[in-house]
Amino acid sequence: MQRLTAEQFEEITQSLTSDRSMRIHEKRQKPRVGLRCSLELHLIAHPQEERSTTVWLRDVSAEGMGLVTSVVLPEELRFMADFQGNENKRLYVMYRVAYSKQLTKGLYSVGAKFVRIVDIVEVPGLLRRKCA
């Protein structure tokens, strides 16, 4: 399963925000780039509780992303997308679930809104869990 790297994510979102004037015939207000790759998410239910899951990334825009997952992600749930970068660096981006609908039994379509870039020091235990 191919994963979206931190560099690819930054390139895509930067190009979507910088070329708005080039898309005068675009009907969609917030254009997105269709992708088919896996992405690791860290689901945050409570500050001290976190679990990880791998999902399929369907598309990404400057303000959000579309996912397909076998895990139920309730609206308003916050999660961090984990993008692996060069030299073992990681980019963590926090999102909030905007909608979640069942596609078929055990498969869900999820739309998430960008919240902010997360500094790793703000995530207690994440590195410990990843390295253990």
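A few remarks follow.
- Breaking point among (1) modelled with pLDDT of 90 or more; (2) closer than 21 Å to residue 115 by Cβ, for residue 70: (2)
- Condition check for residue 4: buried (at least 18 other Cβ atoms within 10 Å of the Cβ), modelled with pLDDT under 70 and under 13 Å from the mean Cα position of the chain (by Cα): yes
- Lone qualifier among 111, 85 - being small (Gly, Ala, Ser) and over 18 Å from residue 59 (Cβ atoms): 85
- Options 89, 130, 105, 101: the member that is modelled with pLDDT under 90, loosely packed, with under 12 Cβ neighbours inside 10 Å and either farther than 14 Å from residue 39 by Cα or in contact with a Cys (Cβ under 7 Å, 6 or more places away or on another chain) (or both): 89
- Subset of segment 57-70 [part of a strand (DSSP E or B) and surrounded by fewer than 17 Cβ atoms within 10 Å (Cβ to Cβ)]: 59, 68
- Set 41, 73: member being in a strand (DSSP E or B), buried (at least 19 other Cβ atoms within 10 Å of the Cβ) and touching a residue at least 24 places away in the same chain (Cβ under 8 Å): 41
The values are calculated or read from the model by the stated rules, or taken from the named source; none is laboratory data. Being a predicted model, the structure only gives us computed values, none of them experimental. Neighbour counts run over all protein chains shown; Cβ positions are idealised from the backbone, glycine included.
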